[in-house]
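Would you mind keeping the following structure in view while I ask a few things?
Here, each number is a calculation from the coordinates, and none is a lab measurement. Treat the numbers as computed from the prediction; the structure is a model and nothing was measured. Glycine gets a Cβ as well: all are built from the backbone with ideal geometry, and neighbour counts include every protein chain shown.
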Ligand code: NAD
């Protein structure tokens, strides 16, 4: 399916992005063929219990993920999204990705629902800091431990982040969802807010998803190709 909808014709735009956006950069998605959780057990590497048991082992896994992301680069679709924000008055990015590619290419009006691989936080003293060490080895923060500032299995999303994202999505007139399977909750339900508010909704995903019915238009193609189509008329 194609479309004659164009991003330049809307006033308040939200891009809602998932792992499929970064698939064209070479970062594997979690689900589907080659997905990370086929190879690694999240109970050993990606939950608070595992970290409390063995912080060094959990950091070893996350350092490997940092290295994998650092070996890749943002793609044309990340760049097009950042250009839309630079060119248009009201563009917000709500992402489930933790790879940090959106901020890297200049997206500023950004909600990282699941945090970032490139931030660490200490749950003992409450400190949060940006950190791009590769590998990250300075694990102790005073009496506590630095952990990756990402949402692991069983963690709650930050309230201010989910609230900000929900507000932007409820107020948009165009929601473009890119590369998300729509099965990770509560993030997956956010596009419904745009649908209920009467916004135009577009799904970019080569495959149908359990959320496809929330979208008026489904573009069954990769992220870069679809963004090039939707950005026609803009200098991206
Ligand atoms: P997912 O892995 O569940 O689904 C990825 C989706 O992307 C699939 O529906 C797939 O069909 C689609 N896709 C594949 N190639 C595409 C392309 N070229 N263009 C557009 N779409 C494409 O990802 P999700 O829905 O984001 O949920 C997974 C969770 O995994 C999130 O919580 C996220 O934090 C995390 N995750 C993040 C990264 C990252 O930061 N890059 C990578 C893997 C997983």
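Please find, within region 183-201, the residue that is farthest from the ligand (Cβ to nearest atom) out of those that are surrounded by fewer than 20 Cβ atoms within 10 Å (Cβ to Cβ) and not in a helix (DSSP H, G or I).
Top of the filtered list is 198.
Just to check your reading of the model, which residue among 150, 162, 128, 169 is buried (at least 21 other Cβ atoms within 10 Å of the Cβ) and touching a residue at least 12 places away in the same chain (Cβ under 8 Å)?
169
Could you check region 170-182 and list, in sequence order, the residues that are closer than 13 Å to residue 10 by Cβ and part of a loop (DSSP other than H, G, I, E, B)?
172, 173 - these are the residues of region 170-182 that are closer than 13 Å to residue 10 by Cβ and part of a loop (DSSP other than H, G, I, E, B).
In contact (Cβ under 8 Å) with a residue 60 or more places away in the chain, over 16 Å from the mean Cα position of the chain (by Cα) and more than 14 Å from residue 17 (Cβ to Cβ): does that describe residue 220?
Taking the combined requirement at face value, the residue satisfies it.
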